[in-house]
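Trainee: My questions will all concern the structure given below.
The values are calculated or read from the model by the stated rules, or taken from the named source; none is laboratory data. The structure displayed is predicted, hence computed values, not measured ones. Here the Cβ positions follow ideal geometry from the backbone for every residue, glycine too, while neighbour counts run over all protein chains shown. Ligands, DNA and RNA are stripped out before the accessible areas are found, and what is left, the full protein with its side chains, is counted by its heavy atoms. Shrake-Rupley method; radii C 1.70, N 1.55, O 1.52, S 1.80 Å.
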Amino acid sequence: MIGGSVLIVPLAAAVILPRHVSWFAGLSYVAMVAVGSSLVHETLDHTDIHNHLFRPREGSSGWRRFVPRAMNRYLRLALNPLFCRMPAYYRVQHIYIHHVENNGPDDVQSTVKHDRKSFFDFCIFALTCGVSFAFALDVIAYLRRKGKKRPLRQLLAGASYWMLFLVVVAIHNPVAALLIFGVRFFFGTAIAVNAYAWHGLADPGDPGNVFLNSVNVRAAGGASGFPGALHLRHHQRMGEHWSMQCAASAEEVDTAAARGALTLNVMSPSLLLKALWAERFELIAHAVVKPGQDTSASAQYDANTLCALIRERTNPIVTPRRSRMGRRMDAACGRIFSRYIVSGPPLPPMT
């Protein structure tokens, strides 16, 4: 939290406090929000959502109770808005929807409704994520439909606080308020990329099966990892402490494989997107960690079988009807964006 504050508070002040936003301050702020949201602050916010990092010990009093509660309020009501995060949105959407629906069709950020091989479908998905992040209407509709009144009240309170924050900033500096809102909206693209990284290989034939709609990730060497790397286990035990969900051991790989799940070596999201849009499934298959020889699923992990499996798991529940011209335009746009827009090296030539 100290690191996140050092990153964002000075730049937020440089954007909000002056009457006019300089290009340098604005671009620096946007860049730091992107870096912090993908690294430092995302890890902090996500683990706090699941593990309540700053909850006082039961029965504590005085400063032992005050300090963690103050840190909790600072994170959720000060640091989160400065990182362009609507208070309560992430907590409500993630805990009461995503971890309930597990990327199924009713999940407001489900990938199984989209063809993950399609550039156009990715654009649609990113747009829906941006609208959801900016206005939360889909989350509100879901909570009302399911009768979840308590999280609905939490979300409405957080959205009201967020709007008040934007109004106060806008009174002093309208450009700064517009910048913060714009970053919040366009952050939907990053959310879409992240969803593809974890749920891009979701089986449309059994979308409710947690073993078939997500992946585990193994860090280099398999000896250590990062919070949430055991993503299947994370969806099964969302309240488990993050330190227990970092390393994918050989046993974890075998256990997941026996249930039809895939474990991937660390793969950059940009490479995953490029491989999907170009239908280069062998690049994704190359990242799959093979289970041990004593696992019955081992025989199913040859290259051809994996490529066919990955193709199947990137299909949508309902295939959209597109003309031949539409499919060609889709593929052409995917190639253009892969080459000129998406970061990282180009795809290696086919062998």
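Trainee: Given the conditions (1) more than 28 Å from His235 (Cβ to Cβ); (2) in contact with a helix residue (DSSP H, G or I) (Cβ under 8 Å, 6 or more places away or on another chain); (3) free of Cβ contacts under 8 Å to residues at least 60 places away in the same chain, which single one is not true for Gly26?
Mentor: The one condition Gly26 does not meet is (3).
Trainee: Of the residues Asp115, Asp138, Asp107, which is among the charged types (D, E, K, R), part of a loop (DSSP other than H, G, I, E, B) and open to solvent by 10 Å² or more (accessible area, probe 1.4 Å)?
Mentor: Of the residues listed, the single one that is among the charged types (D, E, K, R), part of a loop (DSSP other than H, G, I, E, B) and open to solvent by 10 Å² or more (accessible area, probe 1.4 Å) is Asp115.
Trainee: With the checklist (1) polar (S, T, N, Q); (2) out of contact with any Pro (no Cβ under 8 Å at 6 or more places or on another chain); (3) not in a helix (DSSP H, G or I) in hand, flag the one item Thr189 doesn't pass.
Mentor: The number of the failed condition is (3).
Trainee: Does Gly104 meet the test of being out of contact with any His (no Cβ under 7 Å at 6 or more places or on another chain), touching a residue at least 12 places away in the same chain (Cβ under 8 Å) and under 15 Å from Ser214 (Cβ atoms)?
Mentor: It is true that Gly104 is out of contact with any His (no Cβ under 7 Å at 6 or more places or on another chain), touching a residue at least 12 places away in the same chain (Cβ under 8 Å) and under 15 Å from Ser214 (Cβ atoms).
Trainee: If you don't mind, there's one more thing I want to ask. Among the residues of the stretch 164-186, are any touching a strand residue (DSSP E or B) at 6+ places or on another chain (Cβ under 6 Å), surrounded by 16 or more Cβ atoms within 10 Å (Cβ to Cβ) and of a type in the set (A, V, I, L, M, F, W, C)?
Mentor: Looking through the stretch 164-186, none of the residues is touching a strand residue (DSSP E or B) at 6+ places or on another chain (Cβ under 6 Å), surrounded by 16 or more Cβ atoms within 10 Å (Cβ to Cβ) and of a type in the set (A, V, I, L, M, F, W, C).
Trainee: Collect the residues in the stretch 153-163 that are crowded, with 18+ Cβ neighbours inside 10 Å and among the polar types (S, T, N, Q), keeping them in residue-number order.
Mentor: Selection gives Gln154 alone.
Trainee: Taking the stretch 141-153 on its own, how many of its residues are under 15 Å from Arg91 (Cα atoms) and assigned to a helix (DSSP H, G or I)? Break it down into steps so the answer makes sense when it comes.
Mentor: Keep residues of the stretch 141-153 that are under 15 Å from Arg91 (Cα atoms), which gives 142-143, 148-153.
With assigned to a helix (DSSP H, G or I) added as a condition, the list becomes 142-143, 149-153.
Number satisfying all stated conditions: 7.
Trainee: Moving on to the next point. Please count how many residues of the stretch 62-104 are surrounded by 22 or more Cβ atoms within 10 Å (Cβ to Cβ) and over 24 Å from Asn194 (Cα atoms).
Mentor: Selection size over the stretch 62-104: 0.
Trainee: If you don't mind, there's one more thing I want to ask. Are any residues in the stretch 220-229 open to solvent by 20 Å² or more (accessible area, probe 1.4 Å) and either part of a helix (DSSP H, G or I) or in contact with a helix residue (DSSP H, G or I) (Cβ under 7 Å, 6 or more places away or on another chain) (or both), and if so, which ones?
Mentor: Ala220, Gly221, Pro227 - these are the residues of the stretch 220-229 that are open to solvent by 20 Å² or more (accessible area, probe 1.4 Å) and either part of a helix (DSSP H, G or I) or in contact with a helix residue (DSSP H, G or I) (Cβ under 7 Å, 6 or more places away or on another chain) (or both).
Trainee: For the stretch 12-30, indicate whether the set of residues that are open to solvent by 70 Å² or more (accessible area, probe 1.4 Å) and closer than 18 Å to Pro87 by Cα is non-empty. Break it down stepwise before answering.
Mentor: The initial filter retains those residues of the stretch 12-30 that are open to solvent by 70 Å² or more (accessible area, probe 1.4 Å), namely 17, 19-20, 23-24, 27.
Now restrict to residues that are closer than 18 Å to Pro87 by Cα: none.
No, there is no match, as no residue in the stretch 12-30 is open to solvent by 70 Å² or more (accessible area, probe 1.4 Å) and closer than 18 Å to Pro87 by Cα.
Trainee: Could you please find all residues in the stretch 252-285 being small (Gly, Ala, Ser), crowded, with 20+ Cβ neighbours inside 10 Å and over 15 Å from Tyr196 (Cα atoms)? Quick ask: steps written out before the conclusion?
Mentor: Going through the stretch 252-285, the residues small (Gly, Ala, Ser) turn out to be 256-258, 260-261, 268, 270, 275, 278, 285.
Narrowing the set further to residues that are crowded, with 20+ Cβ neighbours inside 10 Å leaves 256-257, 261, 275, 285.
Selection gives Ala256, Ala257, Ala261, Ala285.
Trainee: A further question on this structure: Cβ-Cβ under 6 Å, sequence separation 6+ or interchain: first residue in the stretch 116-134 and touching a residue at least 40 places away in the same chain (Cβ under 8 Å), partner of a type in the set (Lys, Arg) and open to solvent by less than 10 Å² (accessible area, probe 1.4 Å). Which pairs?
Mentor: If the second residue must be of a type in the set (Lys, Arg) and open to solvent by less than 10 Å² (accessible area, probe 1.4 Å), the pairs left are Phe133/Arg184; Ala134/Arg184.
Trainee: Please verify whether Val9 is touching a residue at least 40 places away in the same chain (Cβ under 8 Å) and either in a loop (DSSP other than H, G, I, E, B) or more than 23 Å from Glu240 (Cα to Cα) (or both), treating the condition exactly as stated. Outline the logic, then answer.
Mentor: On the way: touching a residue at least 40 places away in the same chain (Cβ under 8 Å): yes; either in a loop (DSSP other than H, G, I, E, B) or more than 23 Å from Glu240 (Cα to Cα) (or both): yes.
The answer is yes for Val9.
Trainee: Just give me the residues in the stretch 192-219 being open to solvent by less than 20 Å² (accessible area, probe 1.4 Å), in a helix (DSSP H, G or I) and within 10 Å of His231 (Cα to Cα), in sequence order.
Mentor: Result: His199, single match.
Trainee: Sticking with this structure for a sec: Identify all residues within the stretch 16-36 that are outside any helix (DSSP H, G or I) and among the hydroxyl-bearing types (Ser, Thr, Tyr); write none if there are none.
Mentor: Ser22
Trainee: Further question on the same structure: Suppose we filter the stretch 37-73 for residues that are in a helix (DSSP H, G or I) and closer than 28 Å to Ala229 by Cβ; how many remain?
Mentor: So the count comes out to 17.
Trainee: I would also like to ask the following. Write out, first by first residue and then by second, each pair whose Cβ atoms fall under 6 Å of each other, whose residues are 6+ apart or on separate chains, and whose first residue, in the stretch 230-249, is in a loop (DSSP other than H, G, I, E, B) while the second is polar (S, T, N, Q) and open to solvent by 40 Å² or more (accessible area, probe 1.4 Å).
Mentor: Going by the 6 Å Cβ cut-off, the qualifying pairs are Ala247/Ser224.
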